[in-house]
Amino acid sequence: MNDNDILFDDAADQAVDLGNQIADANPEGDLWAVADGLIAGAVHFWLYAHQPDDQADEEEMEGMMTASARIDALVGLLRESAIDSEYLHSPNDRDAGRA
């Protein structure tokens, strides 16, 4: 595991921990509001971190040199994260199999 993988895992773990802390501090609060707020903050930070500057390395920034391309990359990352999540499937999903 390289340093970037460690940073990735640490950031993801801390985001989950923050969500749990906010939920614990607001037991009557809506978990969806907490989750949506975490995503909004993460999206803002991601867009900030991935914006090209006047010295952007074309190779490093390939596929992210326009706002539209960055949104596509972000949507792909969100989809990948969702697919990898143990919480994607729920026994209450309408398409869940029943035996």
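Nothing in this text is a laboratory measurement; each read-out follows from the coordinates by a stated rule. Please read these numbers as outputs of a predicted model, since none were measured by experiment. Neighbour counts are summed over all protein chains in view; Cβ atoms, including those assigned to glycine, are modelled from backbone coordinates with ideal geometry.
Points worth noting:
- Loop-resident trypsin sites (Lys or Arg not before Pro) (DSSP state other than H, G, I, E or B) in segment 6-99 with no more than 14 further Cβ atoms inside 10 Å of their Cβ: R94, R98.
- At least 15 Å along the helix axis (C-alpha) and Kyte average at least 0.5, DSSP helices within the chain: 31-49, 67-84
- Of all the options D54, D36, D13, the one that moves most in a Gaussian network model of the chain with Cα springs shorter than 10 angstrom is D54.
- In a simple Cβ point-charge model (Lys, Arg +1; Asp, Glu -1; nothing else charged), the chain has a dipole of about 640 debye relative to its Cα centre.
- The residue among A56, V34, L78 whose Cα reaches farthest toward the positive pole of the charge dipole of the chain, with charges on the beta-carbon of Lys, Arg, Asp and Glu, is V34.
- Computed over the chain: relative contact order in percent, which uses C-alpha pairs under 8 Å that are six or more apart: 12 percent
- Computed helical MRE - 222 nm, the chain, DSSP H runs ≥ 4 contributing -39500 (n - 2.57), nearest 500: -21000 deg cm²/dmol
- Assigned charges on the beta-carbon of Lys, Arg, Asp, Glu; segment 50-92 dipole about Cα centre (debye): 420 debye
- Leading residue at positive end of dipole, the chain (Cβ point charges), from I22, N2, N92: N92
- Fewest-first ranking of W32, W46, using other Cβ atoms within 10 Å as the exposure measure: W32, W46
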